[in-house]
């Protein structure tokens, strides 16, 4: 999967729009991102993550998290993501007075015609205000008095009342005044949550009269995502279960948000896909989330495929697969020195296969398929619909060439509608694939 930068458009306030067309995990691949807070504004999903950068002399602490600014990303279809550029840098915070490189997990909510961006830095919580969800954001002259800690998460209740949660050893909550810039009373510590192991990253939301408080918790060695429920926004909260198990990758942290969009609930979180050996440079992901009839949350199984329907005429990054054959399939970086270049998938041996779900062919008359491939031995792949022995779409001869080439083949049948795609290696050789695109 090669990173695809589609276009840049200068904005009046100095930001840039950058589109990455990915409906897969991670869904931002040209920079390190973490701690995603997803919100629905103006008919789009906006994601406000923290921004990991590598440490360098004078910029942050070696072998630790280094975060100096915030970007915001948005999408209407959860496939085409726009980077609206930097919305806040630590140097723009008037009350900070130093470069701390600890701009941890933020949040953003809408009230009374304004967007309020809550961010932690220097052990305190700041607020920046804008007229649009992508800014420009103007930080307040002083931090939020009475709220000290990290990872602010805001609950907008159905009656318009706002509550802010944050973490500092334990999780606290306080009501916000109507102006969204002051606490309306002293904070309360949320009791009944786990008292052993690190607990942080509160993200609250409400569904069908149940208030959910989600949080990362170190039960063993790394964080897993847990939640508690209540009938009152300030509690008491009762632990209710695990949403996401500890990452198979060993990533030490996880941070989350949960949002409903167009009738489907989604979990946004992070892992270390773009930095397997260093979990302080992370990458944001999204997967579907489901509830049981009693309101409990079903455990989420992380996927590479992610969410969103992929247009057959775009580059289909099949290394972000839905499923693969039991043997003979491996995924690796295209360039180990530049992980932002993405991944490739190798099909090694006859009848090895990869499945990629939710490809939209539409009603247009497609005629051919292009495949980004390389193989020192050559091979023959088949592209089929919905199952490994499903309708044949194309056969593609891969020549003997270890260099990456784009191979074109005519379609033997023309699909319409939405289908799952199967790519099968038909010879006892190895073929490396980067992407597939129909034309």
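Couple of notes before you dig in:
- Condition met for residue 190 (closer than 29 Å to residue 293 by Cβ and either at pLDDT 95 or above or out of contact with any helix residue (DSSP H, G or I) (no Cβ under 8 Å at 6 or more places or on another chain) (or both)): yes
- Residue that is nearest to residue 357 (Cα to Cα), among those in the stretch 305-333 that are in contact (Cβ under 8 Å) with a residue 60 or more places away in the chain and assigned to a strand (DSSP E or B): 310
Each row is one residue, and each column tells you yes or no for (1) at pLDDT below 95; (2) within 24 Å of the chain's Cα centre (by Cα).
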residue: 220; (1), (2): yes, no
residue: 224; (1), (2): no, yes
residue: 229; (1), (2): no, no
residue: 243; (1), (2): no, yes
residue: 260; (1), (2): no, yes
residue: 263; (1), (2): no, yes
residue: 267; (1), (2): no, yes
residue: 288; (1), (2): no, yes
residue: 293; (1), (2): no, no
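- Boolean, residue 382 is over 14 Å from residue 438 (Cβ atoms) and free of Cβ contacts under 8 Å to residues at least 24 places away in the same chain: no
- Top-ranked residue in the stretch 193-216 [being modelled with pLDDT under 95 and part of a loop (DSSP other than H, G, I, E, B); ranked as surrounded by the most Cβ atoms within 10 Å (Cβ to Cβ)]: 193
- When 326, 262, 288 are checked against the criterion of being outside the structural domain of residue 79 (by the TED database) and loosely packed, with under 15 Cβ neighbours inside 10 Å, a single residue qualifies: 326.
- Strands (runs of 3 or more DSSP E) completely within the stretch 391-439 that count 2 or more residues being within 32 Å of the chain's Cα centre (by Cα): 401-410, 418-425, 430-438
- Set 286, 248: member being on the phi < 0 side of the Ramachandran plot and in a strand (DSSP E or B): 286
- Counting only strands (runs of 3 or more DSSP E) that sit wholly inside the stretch 96-182, those with at least 1 residues that are without any contact (Cβ under 8 Å) to a residue 40 or more places away in the chain are 114-121, 124-130, 162-168, 170-175.
- Here residue 348 clears all of (1) buried (at least 17 other Cβ atoms within 10 Å of the Cβ); (2) touching a helix residue (DSSP H, G or I) at 6+ places or on another chain (Cβ under 7 Å) except the condition numbered (2).
- Residue 29 meets the conditions (1) at pLDDT below 90; (2) touching a helix residue (DSSP H, G or I) at 6+ places or on another chain (Cβ under 8 Å) in every case but one. The failed one is (1).
- Just one of the numbered conditions (1) in a strand (DSSP E or B); (2) closer than 24 Å to residue 333 by Cα is not true of residue 46: (2).
- Looking across the stretch 245-270, the residues that are more than 20 Å from residue 39 (Cα to Cα) and in contact with a strand residue (DSSP E or B) (Cβ under 6 Å, 6 or more places away or on another chain) come down to 245, 246, 247, 249, 251, 253.
- Residues located in the stretch 369-404, provided they are farther than 17 Å from residue 425 by Cα and surrounded by 13 or more Cβ atoms within 10 Å (Cβ to Cβ): 404
The values are calculated or read from the model by the stated rules, or taken from the named source; none is laboratory data. These figures come from a predicted structure and were not determined experimentally. Backbone-built Cβ (ideal geometry, glycine too); neighbour counts: all protein chains shown.
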